[in-house]
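**Student:** One structure, pasted below without further comment.
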Amino acid sequence: MENLSHSSEITATWVENLAIEEINMSESGVIDIHEHLNPIHFLEESSIEFMNELRDKIEHFVARFNQYRGHQTNSHIKIFKISNTVNDFMLFRNSLRLIFARRANDLISIAFISNGKDLLAPRLRVDDPFGSEGVHEVRAHLGPFNKISWRFQGEPVDVNAMVKHYLTEFIKQSAQ
């Protein structure tokens, strides 16, 4: 047990939750023996964790970018939480916004908003015109034993690559 990695320790909270639920069942007399088979709770938890991980990584790199930009505060990137949501957020610079939003427990959308009204998609390739595809969607894939993975266009998502891509696209598109 001593060799547990940090991620294993974080994901081990499920067993603590089982213990707490069991205590609550004993006290309330209400038993739900089927809850662990319903993926809705797991999808919601996973989407919140995924968005938090995205935001944490983006905040880290935005802080570094702003630090390197130094005293030129007019070119700094700002991050805002979106009100009345669990953890949606956006980046803002030079009238361009990059929005990360949980549209459902299994769906996260990513899009640019330009000039406060035009919804644009980030580019994926050099030959893509800016804003040509509409909103990007990252979807949860529910596998055996309620294992959830996040996918873009059917392919598994690497969060680090995703953060690098969207943040780079935002910085390039918002530069003036």
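**Student:** Give, as a single signed number, the net charge of other residues whose beta carbon lies under 10 Å from the beta carbon of R55, with Lys and Arg counted +1 and Asp and Glu -1.
**Tutor:** On the way: positive: K57, K81; negative: E53, D56, E59, D88.
With Lys, Arg at +1 and Asp, Glu at -1, the neighbours total -2.
**Student:** A follow-up question, please. Take the alpha carbon gyration tensor of the stretch 49-124, find the square roots of its eigenvalues, order them as a ≥ b ≥ c, and report rounded if a/c is under 1.5; if not, report prolate when a/b exceeds b/c, else oblate.
**Tutor:** Working: a/c = 2.04, a/b = 1.37, b/c = 1.49.
Oblate is the answer for the stretch 49-124, as a/c is 1.5 or above yet b/c matches or exceeds a/b.
**Student:** May I pose another question? Between rounded, prolate and oblate, where does the stretch 6-174 land on the alpha carbon gyration tensor, with a ≥ b ≥ c its root eigenvalues, rounded for a/c under 1.5, else prolate if a/b exceeds b/c? Don't skip to the answer; put the middle values down first.
**Tutor:** Numbers: a/c = 2.46, a/b = 1.94, b/c = 1.26.
It comes out prolate by the Cα gyration axes.
**Student:** With an 8 Å Cα cut-off and a minimum separation of 6 or more residues, compute the relative contact order for the stretch 6-174 in percent. Provide the component values of the computation, followed by the final result.
**Tutor:** Working: 206 pairs, mean separation 25.8, N = 169.
For the stretch 6-174, the relative contact order is 15 percent.
**Student:** Here's something else I'd like to know. Please compute the net charge surrounding A104, taking Lys and Arg as +1 and Asp and Glu as -1 over other residues with Cβ under 14 Å from its Cβ.
**Tutor:** Around A104, the charge tally is -2.
**Student:** On to the next question. What number comes out for the charge environment of F80, summing +1 per Lys or Arg and -1 per Asp or Glu over other residues with Cβ under 13 Å away? Let's see the in-between values first.
**Tutor:** Values: positive: R55, K78, K81, R93, R97; negative: E59, D88.
So the environment of F80 carries a net charge of +3.
Just so you know, all these numbers are worked out from the coordinates, no wet-lab data involved. What you see is a predicted model, and the numbers here were worked out from it, not measured in a lab. Every residue, glycine among them, receives a Cβ derived from its backbone with ideal geometry; neighbour counts consider all protein chains shown.
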